[in-house]
Amino acid sequence: MKKSRNRSNEFEPLGRVLEQAIQNFRKGTDLELTRIWEHWDRIVGETVAENAQPAAFKGDILVVHVVSSTWIQQLRFVKDEMILKLNQALGKELIKEIKFKTGVLK
């Protein structure tokens with residue numbers, strides 16, 4: 001005899017499902033760092049967000065893909081401010097460095 005599962009008719013928000021999956025497979029710090037994507041556009045502004053996006057984390061280094069070397073040069077001038085604002089949004093000092101590199105934006 002099959003056991004019936006108790007299924008709810010309500011949908012689970014995708015963000016919550018992803019967060020639970022990440023908690024099961026990643027370190028806690030990685031989970032907190034993924035929250036950057038939630039805050040990115042607001043923190044860096046619309047123009048920067050259209051030309052630069054977080055791509056990866058390596059320890060306490062955030063790798064950001066940027067559309068061109070010209071944008072990389074511009075972002076280097078505001079890198080320290082970006083680190084400060086991102087850490088404030090995360091509530092902890094998790095990012096110590098940002099590395100910019102040209103790459104495909106998603």
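The values are calculated or read from the model by the stated rules, or taken from the named source; none is laboratory data. The model shown is predicted, which means the values in this text are computed figures rather than measured ones. Cβ atoms come from the backbone with ideal geometry, glycine included; neighbour counts cover every protein chain shown.
Quick notes on this one:
- Residue list for the range 36-68, filter: outside any helix (DSSP H, G or I) and closer than 14 Å to residue 86 by Cα: 45, 53, 54, 57, 60, 61, 62, 63, 64
- Restricting the range 69-106 to residues that are in a strand (DSSP E or B) and among the β-branched types (Val, Ile, Thr) leaves a set whose member that is surrounded by the most Cβ atoms within 10 Å (Cβ to Cβ) is 98.
- Cross-chain or 6+ apart pairs with Cβ under 9 Å, the range 83-106 first and over 11 Å from residue 62 (Cβ atoms), then aromatic (Phe, Trp, Tyr) and surrounded by 15 or more Cβ atoms within 10 Å (Cβ to Cβ): 102/71
- Residue within the range 33-41 that is modelled with pLDDT under 70 and either within 18 Å of residue 96 (Cβ to Cβ) or surrounded by 15 or more Cβ atoms within 10 Å (Cβ to Cβ) (or both) present: yes
- Inter-residue pairs, beta-carbon under 7 Å, first modelled with pLDDT of 95 or more and in the range 43-56, second in a loop (DSSP other than H, G, I, E, B), 6+ apart: 51/67
- Residues that are surrounded by fewer than 12 Cβ atoms within 10 Å (Cβ to Cβ) and of a type in the set (Gly, Ala, Ser) within the range 47-68 comprise 59, 68, listed in sequence order.
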